[in-house]
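Let me begin by presenting the structure, written as structure tokens, before commenting on it.
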Amino acid sequence: MSEQKDNKRFIAVGLMLFALFFGAGNLIFPASMGQHAGENVWWSVLGFIITGVGLPLAGVLAIGYSGCKNLQELAGRVHPKFGLLFTVVSYLTIGPFFATPRTGSVSYEIAVRPFLENGGSDLNMTIFLVIFFVITYWLSASPSKLVDRIGKILTPVLLLTILALIAKSFISPLGDPGAATAAYGTPALAVVQGILDGYNTMDAIASLVFAILVVEFVVEAGASTPGEITLDVFKSGVIAVACLAFVYIFVAKIGADSVVAIGMQDTGAPVLTKSAQILFGNVGAMILAVIVLLACLSTSIGLVTSCATYFEQLIGGMSYKAYAVLFSVISFAVAMFGLKTIISAAIPVLMFIYPIVVALVVLTFLHKFFKGRQCVYGWTIGLTLIPALVTGFETAEISLGAIDVFFNSTVPLHSLGMGWVCFAVAGLIIGLVQAQVTSSTKEA
């Protein structure tokens, strides 16, 4: 009986974690990818799952495996000041500055505006965003009830709604996949491009934040040793990423099948909207609206909860609920700038942060191998910062002159936004050598 309760608990926490990860972007990116991948859609899905599913799971496990209480402690292995700065930047980026307001803007653009006469107005958007963030605050005001409210209520409804869309796409296929575009032209290219497309979800960053909630829940459920915590976090994490993988696979298929019926679209949003309208008629748009609203609201709740908890512990001075109000208000204010502005402003910041997150996760799993030597963390993250900064500036269209020329002509994979990989590997090797040399010197 006790084991059955534990299993139900893991399922509830896993569904909660899925809901926190899953936003409208997780629907839009695989749909667009499917259209471009065409007949090579399954190869691109393979790549997408590696980064869109594998990395978030790795991030969740890294926190559980590390034994660290939070992201700041984990990043502090590089240096305490780096840990503080990186954690604050990460929380603000996936919180009130970009990701949280984006949930409100995406909800309005996809789930509300299509139903308004002449595309709505600024007043319509303001009213909707006020309601959206008031609900966000209300559901995040009591974090202890997060599993019950999200894992047991919102997430099953979300999955059933998506399942209805997927089932209808099999009953009444939109068409057959066409030829792949150049970037997905061969199976190998499709896998590589799928890996890059998976970065767009940015769930690896969020995983280091949301994992704290999961660790807290499994500890409350009775896990005490690092091994027990890691295993229990893994159980919940697998449930979450399995749901993500299911959605990615079949939404990408809808995208691949849709080209004949609706033509090639600029983004994944119209792919989903028009496909839903074809599959369900006028009801289709309503179904899509429910999917987007539930996905964005769940993510918004998780982000406000995580940010309020962290900054209450870091700064104090106000209660958790006061911080939840503050971040809801800031998110509303930023959301008023509109979706296009938010996305444009966020991309350079995310291109800078993401490589550091991946490198930090890898170092966490190698921690015992190099005995946690700070020099290994320092060299690896230090060198990763260099191409991450260059890529961030390039994405922001800020010219660095000769530096840009050097990176684009010399550094492998830089044109794909992955030039940091070579630097990270070099930093890891240098750090390991220094750790070995200094260790040998001390022994001598």
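Tabulated data
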| read-out | value |
| --- | --- |
| Residues of segment 104-142 satisfying the condition of being open to solvent by 10 Å² or more (accessible area, probe 1.4 Å) and either touching a strand residue (DSSP E or B) at 6+ places or on another chain (Cβ under 7 Å) or of a type in the set (S, T, Y) (or both) | S121, T126, Y137, S142 |
| Single unsatisfied condition, A322 versus (1) modelled with pLDDT under 90; (2) surrounded by fewer than 19 Cβ atoms within 10 Å (Cβ to Cβ); (3) not aromatic (F, W, Y); (4) not in a loop (DSSP other than H, G, I, E, B) | (1) |
| Verdict on A261 being open to solvent by 30 Å² or more (accessible area, probe 1.4 Å), over 22 Å from V157 (Cβ atoms) and in contact (Cβ under 8 Å) with a residue 60 or more places away in the chain | yes |
| Single unsatisfied condition, F369 versus (1) in a loop (DSSP other than H, G, I, E, B); (2) among the hydrophobic types (A, V, I, L, M, F, W, C); (3) open to solvent by less than 60 Å² (accessible area, probe 1.4 Å); (4) without any contact (Cβ under 8 Å) to a residue 60 or more places away in the chain | (3) |
| Test: residue in segment 292-312 that is more than 25 Å from G198 (Cβ to Cβ) and small (G, A, S) | yes |
| Scope segment 91-123; condition of a type in the set (S, T, Y) and outside any helix (DSSP H, G or I); matching residues | S121 |
| Exclusive hit being under 29 Å from S328 (Cβ atoms), open to solvent by 10 Å² or more (accessible area, probe 1.4 Å) and not assigned by the TED database to the domain that holds K371, set V89, V60, V78 | V89 |
| Residue match in segment 267-287 (condition: assigned to a loop (DSSP other than H, G, I, E, B), open to solvent by 30 Å² or more (accessible area, probe 1.4 Å), more than 20 Å from L160 (Cβ to Cβ) and touching a residue at least 60 places away in the same chain (Cβ under 8 Å)) | yes |
| Any hit, segment 31-46, residues being closer than 18 Å to A204 by Cβ, out of contact with any Pro (no Cβ under 8 Å at 6 or more places or on another chain) and crowded, with 23+ Cβ neighbours inside 10 Å | yes |
| In segment 300-333, the residues that are hydroxyl-bearing (S, T, Y) and touching a residue at least 40 places away in the same chain (Cβ under 8 Å) | S300, T305, S306, T309, Y310, Y320, S328, S331 |
| Pairs with Cβ under 8 Å, 6+ apart, first in segment 239-250 and under 10 Å from L17 (Cβ atoms) and in the same structural domain as L20 (by the TED database), second of a type in the set (G, A, S) and open to solvent by less than 50 Å² (accessible area, probe 1.4 Å) | I239/G14; A240/G14; V241/G54; C243/G14; L244/G52 |
| Any hit, segment 290-302, residues being of a type outside the set (S, T, N, Q) and more than 19 Å from the chain's Cα centre (by Cα) | yes |
| Qualifying residue in segment 369-390 (condition: more than 26 Å from I63 (Cα to Cα) and touching a helix residue (DSSP H, G or I) at 6+ places or on another chain (Cβ under 7 Å)) | yes |
| Selection within segment 395-417 - part of a helix (DSSP H, G or I) and either free of Cβ contacts under 8 Å to residues at least 24 places away in the same chain or out of contact with any helix residue (DSSP H, G or I) (no Cβ under 7 Å at 6 or more places or on another chain) (or both) | A402, I403, D404, V405, F406, F407, N408, S409, T410, S415 |
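Residue-by-condition table, conditions (1) surrounded by fewer than 19 Cβ atoms within 10 Å (Cβ to Cβ); (2) under 27 Å from V421 (Cα atoms):
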residue: V157; (1), (2): yes, no
residue: F170; (1), (2): yes, no
residue: P177; (1), (2): no, no
residue: A182; (1), (2): yes, yes
residue: I205; (1), (2): no, yes
residue: V233; (1), (2): no, no
residue: A240; (1), (2): no, no
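The values are calculated or read from the model by the stated rules, or taken from the named source; none is laboratory data. Fair warning: this is a prediction, and the values are worked out from it, not measured in the lab. Cβ atoms come from the backbone with ideal geometry, glycine included; neighbour counts cover every protein chain shown. Each accessible area value is taken on the protein alone, full model and side chains, heavy atoms only, with ligands, DNA and RNA left out. Shrake-Rupley method; radii C 1.70, N 1.55, O 1.52, S 1.80 Å.
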